[in-house]
Amino acid sequence: MKDQYKFPAGFLWGAATSAYQVEGAAEEGGKKKSQQDILNIKPGLADASVASDHYHRYQEDVALMKELGMNSYRFSIAWARIFPDGVGAANPQGVAFYHNLMDELIANGITPIPTLYHYDMPMALVEKYDGWIDRQSVADFEYYAKFVIKEYASKVKYWLTINEQSIIVQYWTQKCLIPEKYLNNAQIKYQINHHMNLAHAISCKLVHELVPGGQVGAALGYSPIYPLSSRPEDNMAAQNANDLRNYFYTDVYFKGHYNKAAFTYLEKNGLAPEMQPGDEDLFKEGYSDFLAINYYSSDVATVAPEDAERRTSGFNPTGVKGQMEGFETQPGFYMLGLNPHLETTDWDWAIDPMGLTFLLRDLYTRYDRPLMITENGMGAYDTLEDDGTVHDQYRIDYLKEHIKAIKHAIDDGVEVISYNPWSFMDLVSTSNGFKKRYGFVYINRTDEDLKDLKRIKKDSYYWYQKIIASNGTELD
Ligand code: BGP
């Protein structure tokens, strides 16, 4: 009998971050503002101006990655660092920064896995034409992507296109700076997504054209959706929810067209994106080699009456359990809710390691393409003890069960390329500043006080070091 639960030789172990959440230097080195430099200015919370100061300390950070044993690192390239005005002249200091980072990684045996876009549309383009809302964004993204892919082609094999289109649709006003006049127009978020689908497909084509042996795929935020009960109606609701929240994206990436039931529902409700002739041909030409998944939790769905009020996903703004503001409701299609069988994090995210095995199996069966895990992790309040240690056993428990879940999927025959949990170091959370931490490395700062930004290894760092060294065999 073959070995149970074995990670393949050459498996990519690492961790992940994104540009605006770690770099800081928001207006240094020739960079101009992105929409995240504006969206993250919230009273009492850290913003992107200093973040984890990675821009200035990347060498120290890469040394810590090396010591951790990482052989891959997922990060993102800030469009506004390469093209401060979105298009036009490239910024030599920005271009050099990512060369230096990649060189440092490669010299330390770490495979760079860059993401082209992680929520940070240059403000210049937001001011010019409202960013992704306008189809011109696709052409400007192509200009940026072509430059970047060409520039770093010799250093990068695995390219990630756009981070979490699914989350951008769900939390569109937090991920994009939306002018007030569009705020009550929910069709806009599907239009933004359509433009991103085009940008994704173009990027895939560019990687195939410009990078010998290059592999490319999107990084999708993905929560499998279970029926709340075994009632046929709940099963139907779960299928509807999976179609609109999950396969709506993956069918475009791998089949080259929108999921039929989801698109029909949007059309009936006046929410479908406007398309142009040839758009779906482009989807097909811009095929993905793999799918990268960001996995934190699963969801459950139940029936939503036809006259239910449409609403988007809520979130828990306090970090006190039980304060989730509400759940997505699509009248006549589905309504999400709480899974009574699962524990949650302090921010009410359901903890479900088996959900990871479930989705890996499901997606591999549906599309027959390898998968990467480009995010997974436990957001928590961490405490820096007086002796300079951080005891994050809860994070170790979370990650351990999820790594076991990946091993199960591999053992079931699924091809998994990499595991890059969120996050390498503490960083600016998308909505909770530095209060909610994910890192293996603690950053000594708070929302209010920058302190010395010292890097401190948490217990999870030492634990993960052993996991990587044993290629995932020494889990207990
Ligand atoms: C993903 C994003 C990341 C990230 C993570 C955790 O959706 O790609 O950018 O921050 O979620 O989310 P949060 O910071 O809200 O806890």
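Every number in this text was worked out from the coordinates using simple rules, so none of it is lab data. Computed from a predicted model, the values in this text were never measured in an experiment. Heads up, the Cβs are rebuilt from the backbone with ideal geometry, glycines too, and the neighbour counts pull from every protein chain shown.
Before moving on, here are some points about what is shown:
- Antiparallel DSSP beta bridges within the range 333-464, percent to nearest 5: 65 percent
- Of all DSSP beta bridges confined to the chain, the antiparallel ones make up roughly 30%.
- Across the chain, Cα-Cα pairs farther apart than 27 Å form 53% of the total.
- Once the Cα-Cα distance is subtracted from the 0.36 nm per residue extended length, the THR318 to ILE38 segment shows a gain of 98.7 nm.
- The translational diffusion coefficient of the range 249-398, from Stokes-Einstein at 20 °C and 1.002 mPa s with a Kirkwood hydrodynamic radius over alpha carbon pairs, comes to 116 µm²/s.
- The chain - mean residue ellipticity at 222 nm from DSSP helices (-39,500 (n - 2.57) per run, n ≥ 4, rounded to 500): -11500 deg cm²/dmol
- Residue separation of ASN185 and LYS260 scaled by 0.36 nm, minus their Cα-Cα distance, works out to 24.8 nm of gained length.
- Residue-count net charge about HIS341 - beta-carbon cut-off 13 Å; Lys, Arg +1, Asp, Glu -1: -3
- Rounded to the nearest whole angstrom, the semi-axes of the ellipsoid equivalent to the range 319-476, taken from the Cα gyration tensor as √(5λ), stand at 28, 23, 13, largest first.
- Using only the C-alpha atoms, the convex hull of the range 291-361 corresponds to 113 Å³ per residue.
- Distance violations [Cα-Cα > 23 Å] among LYS436/LYS466; LYS31/LYS457; LYS33/LYS205; LYS175/LYS451; LYS32/LYS128; LYS189/LYS260: LYS436/LYS466; LYS31/LYS457; LYS33/LYS205; LYS175/LYS451
- A cut-off under 14 angstrom between Cβ atoms defines the neighbours of PRO305, and their net charge, with Lys, Arg +1 and Asp, Glu -1, is -3.
- Potential lengthening between ASP411 and ASN100 on full extension [0.36 nm per residue; Cα-Cα distance subtracted]: 108.2 nm
- Structural size metrics of the range 110-199, computed from C-alpha coordinates, are Rg and Dmax of 13.9, 46 Å.
- Relative exposure of SER298, SER470, SER203, judged by other C-beta atoms within 10 Å (fewest first): SER470, SER298, SER203
- Estimated FRET transfer efficiency (ASN108, ALA139; beta-carbon r; R0 35 Å; 0.05): 0.40
- Relative contact order (%) - the chain, alpha-carbon pairs under 8 angstrom, separation at least six: 17 percent
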